[in-house]
Amino acid sequence: MDGCSSNDLVCPQLLDLISKDREWLVQKGEQRSRGSKSEEKKLELRLGPPGEDYGTKLEREDSILSLGYFSNHKDNTYTFGGFTNTGDMKTAENGWIMKNNGSQNQQFSFTEKFQTNNKAEKKVISSAAAASANPAVVPNSSQKRTAPAPVVGWPPIRSFRKNLASSSSSKPVPESPNAMLNKVSSEEPAQSCGKGFFVKINMDGVPIGRKVNLKAYDSYQKLSSAVDELFRGLLAAQRDSSASGIHHKQEGEKSITGLLDGTGEYTLVYDDNEGDRVLVGDVPWHMFVSTVRRLRVLKTSELSTLCFGIRQEKTRLDAASK
Amino acid sequence: MREDRPPPTPSRGGAYSPPPPDQVLENVLEHVLQFLTFRRDRNAAALVCRSWHRAEALTRLELFIGNCYAVAPRRAMERFRRATAVTIKGKPRFADFNLMPPDWGANFTPWVTFMAQCYRALEKLCLKRMFVTDEDLELLASFPSFRELVLICCDGFGTSGLAVVASKCRKLRVLDLIEDEVTDDEIDWISCFPEGETCLESLIFDCVECPIYFEALERLVARSPSLKKLKLNRYVSIVQLYRLMIRAPQLTHLGTGSFSPSEIVAQGDQEPDYSSAFDACRSLVCLSGFREIVPDYLPAIYPVCANLTSLNFSYANISAEQLRSVIRYCHKLQIFWVLDTVCDAGLQAVAATCKDLRELRVFPIDAREDSEAPVSDVGLLAISEGCRKLQSILYFCQRMTNAAVIAMSENCPELVVFRLCIMGRHLPDHVTREPMDEGFGAIVKNCKKLTRLATSGLLTDRAFSYIGQYGKLVRTLSVAFAGDSDTGLKYVLEGCPRLQKLEIRDSPFGDSALRTGLHRYYNMRFLWMSSCRLTRRGCKEIAQQMPHLVVEMINGEEEEVKDDYVDTLYMYRSLDGPRADAPSFVTIL
């Protein structure tokens, strides 16, 4: 390689270092081939509950095994970012590394507070205090056997590219809740958090949708009157078929009634977490709030065909697309 | 009245005197320097001597600021007084992955405030990873010659800002919003473009997650005869796409929106002839969108495939078979982005047809460490064998082998960008169980033009020794969960003379490694190290020894740093010292 000639002074040094590593790697190799089951067990690798068959987990085990070896190499009090492993950790489910001489700790990024809406990543919280007292922090998914605890920002995919599985494969159902998570801005939480639970609401004939905060209401009646207020003006504007579409104050607004009982010109429906379209009011309020993903104000006259059609079409297209 | 004729040039002492020689030189220089466009050439010219420096500064029309905190707005704009196009980059790339708290900075406001005084004639602006407010946009819109706005990975603004830009920028030709976070202020910004013919050439808003008023968009497209690039967001249905396409057959770049119907289409419904709309677009070379694709509609794009040089299916959940039906026509394809749902088989189909492929990006549909990724070393190998002209690759997978990576290094000598992301951390070669050192080593060794490298999988210090030894042209290096010790980082800092951007996370590199890079840091744009083994003391040492380096410690937790370890180090050179807008969780040493 041409580049080496100018680096003659450097190359030998590098090679020396490499050869040292090679010996060391050979050592590791021997260690690996020599490694009995009991050594493997000592060096950890629990991805499932104790007693599970190792055979199926071989791939993952070996990878962590080879990770485990280097802690022997330099520094037995090897620490990562300030966390010291003071003892065996029992969180087998998370795939954390345990060593019998307890000096290894796989680093998890603790930038939990940076996350806003990322459903795909569970929050892993660790602090120095917790590490010394109770080194294990068990995320919600402790029952999952094979999943390592997710880490912030890994894999390095921007948030709007995540959750494609749910939003793209569920056509023609309108966008799933995960699609709303594409916005990571903190002012618009798409899932429930302390301050509010915003769902999008669209009305037939009105191009621009709005958002309602369901936490602000505790009954269907209040929701219905809120919807009426939201759209009254917009609907009148559409009826006037003004070209610009920007909402402005209207006189002659008609209130929107009968949203819940089918008596009005419009009816309130919602899309739930399974992608079904359901009439609002069918289930108890708290159940509604926990399953609703999106609200719609549809023309009552078109209602029955639409709902029926959607369920039929969903099965037809699901069958056709894969 | 001939006596009253004024003298031909201003004279001193009455007699005509030619302009002084250095004035001539400077005039000539300015004329000549106008031909220099590459900023590296211009930077070199500016170093020759004072008059060249001056002349170059006066003739530079495009100002590029790689790090918004490397120089104060005043200094940059006072030196380059006549620039009409400005590019500014803000946050480091790892901010895209939630590794940086919001409100960290990269505010555009101080820049635009200065521009309002110094750069009133501004024509073009490109911002990447900056925080831009609606007020900033409003101020921009007041610049009389402003015509091109490109925002990439920016946030802080909403549709109200867009509405102001649309309505006030009378000469707007380009409005490109790429991967931004735009808040929905529920304003119909499309309707805000003024009536009458527009000079719009490019309108890209596929990232805007708000519904738009379609009729207004249709009228806008109809009255924009120069429109060449149009990328719709996913709120535009395929029927609406059809209506737009028949009004704009001159398009060269098209983002198709959702590519699905907005309502249920029952069998037997009369649907437009989508294929004929595509057929009418004779100039179409770049196709993207497909945000919520119903694959039944794919055949509509067949008529344009033969001319396509760029195809972006990275939101399209399609199978290998569905891809094959399209890709077999795409002989001229140079840029291809796709989801891994097409599997290795789909990539094999790409390799079989796209002999001219330059850039490939394979994204995961399920971006988790333990998901079933349908692409692997098999796909990579196929691509390397079929697409010999490959220059840039980004490949997400769950399984990889050194053999496939080595094969790519040998088959694709033109590689400039190699970014491999094996999603499971610390995963070795899944066949040999060895670390991925040899694969990445082969890449840096065989791909002599390589300037950008991103690593993954199980890597020991040996991989870094290879990078330091062979990666002589590497400018950008991304490292995650790799290496054994300080030695790894030392190899890189000592070995890579062209290194500009180094971003490292969760790797066992500490203070001693950091120290070995002292001779490099003034020549680099930035260094990012998060969740490594750096101590506050070590970082402080660097800060003390290098006064023109801004050393930021970004803390994960709000409370005081309890131990000596640094969560995140972000370090960059700056002509104007530490910034004044650092939030509380940032400590500048």
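The values are calculated or read from the model by the stated rules, or taken from the named source; none is laboratory data. Remember, predicted model here, so these are calculated numbers, not experimental data. For neighbour counting, all protein chains shown are included, and Cβ atoms are generated from backbone atoms with ideal geometry for every residue, glycine included. Surface areas here come from the heavy atoms of the whole protein model, side chains and all, with no ligands, DNA or RNA. Shrake-Rupley method; radii C 1.70, N 1.55, O 1.52, S 1.80 Å.
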Let a ≥ b ≥ c be the square roots of the eigenvalues of the Cα gyration tensor of segment B:335-458; is it rounded (a/c under 1.5), or, if not, prolate (a/b larger than b/c) or oblate?
oblate
For the pair A and B, total buried accessible area rounded to nearest 100 Å², probe 1.4 Å
8100
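Can you pick out the pairs among B:Lys124/B:Lys449; A:Lys162/A:Lys200; B:Lys355/B:Lys449; B:Lys91/B:Lys171; B:Lys91/B:Lys540; B:Lys91/B:Lys228 whose Cα atoms lie more than 24 Å from each other?
Values: B:Lys124/B:Lys449 31 Å; A:Lys162/A:Lys200 20 Å; B:Lys355/B:Lys449 20 Å; B:Lys91/B:Lys171 30 Å; B:Lys91/B:Lys540 22 Å; B:Lys91/B:Lys228 31 Å.
Among B:Lys124/B:Lys449; A:Lys162/A:Lys200; B:Lys355/B:Lys449; B:Lys91/B:Lys171; B:Lys91/B:Lys540; B:Lys91/B:Lys228, the Cα-Cα distance tops 24 Å for B:Lys124/B:Lys449; B:Lys91/B:Lys171; B:Lys91/B:Lys228.
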Based on Cα coordinates alone, diagonalise the gyration tensor for segment B:426-514, multiply each eigenvalue by 5, take square roots, and list the semi-axes in whole Å, largest first.
18, 16, 10
Of the peptides A:286-293, B:429-436, how do they stack up when ordered by the mean number of other Cβ atoms within 10 Å, highest first?
B:429-436, A:286-293
Defining a contact as two alpha carbons under 8 Å apart and six or more residues distant in sequence, what relative contact order in percent does segment B:504-589 show?
33
Rounded accessible area per residue of segment B:37-187, 1.4 Å, Å²
40
Probe 1.4 Å, all protein chains present, accessible-area order of B:Tyr297, B:Tyr329, B:Tyr491, largest first:
B:Tyr329, B:Tyr297, B:Tyr491
Taking only C-alpha positions in segment B:262-421, Rg and Dmax in angstrom work out to 16.3, 53
What average count of beta carbons from other chains do you get within 10 Å of the Cβ of residues in B:274-284?
0
Run the numbers on segment B:37-187 and let me know its relative contact order in percent, using alpha-carbon pairs under 8 Å that are six or more apart.
17
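Please state the shape class of chain B: rounded when a/c is under 1.5, otherwise prolate if a/b exceeds b/c and oblate if not, all from the C-alpha gyration tensor.
Oblate is the answer for chain B, as a/c is 1.5 or above yet b/c matches or exceeds a/b.
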Roughly how much of B:Asp176 is accessible, in Å² to the nearest 10, using a 1.4 Å probe?
20
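Rounded to the nearest 5, what % of DSSP beta bridges with both residues in chain B are antiparallel?
15
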Run the helix sum for chain B: -39,500 (n - 2.57) per DSSP H stretch of 4+ residues, divided by residue count, reported at 222 nm to the nearest 500 deg cm²/dmol.
-8500 deg cm²/dmol
Neighbour-limited loop hits for GluC sites (Glu not before Pro), segment B:327-383 (at most 14 other Cβ within 10 Å; DSSP other than H, G, I, E, B):
B:Glu372
What would the Debye equation give as log₁₀ I(q)/I(0) for segment B:37-187 at q = 0.13, 0.21 Å⁻¹, counting only Cα atoms as equal point scatterers?
-0.60, -1.35
What percent antiparallel are the DSSP beta bridges of segment B:37-187, to the nearest 5?
0
Heads up, I need the accessible area for B:Arg223: 1.4 angstrom probe, whole protein in place, Å², nearest 10.
40
Residue-level accessible surface for B:Trp189, protein heavy atoms, 1.4 Å, Å²
10
Leaving out ligands, DNA and RNA, and with a 1.4 Å probe, what % of the accessible surface on segment B:392-519 is carbon or sulfur?
51
From Cα pairs below 8 angstrom and at least 6 apart in sequence, can you work out the relative contact order of chain B, rounded to a whole percent?
6
Within 10 Å of each Cβ in peptide B:209-215, how many partner chain Cβ atoms are there on average? Round it to a whole number, please.
5
For a quick protection proxy, order the peptides B:125-132, B:27-34, B:479-486 by their average other-Cβ count within 10 Å, most packed first.
B:479-486, B:125-132, B:27-34
Point-to-point label distance, A:Leu279-B:Asp269, nm (Cα→Cβ direction, 7 Å offset):
2.4
Inter-chain Cβ neighbour average for residues B:363-376, partner chain, 10 Å:
5
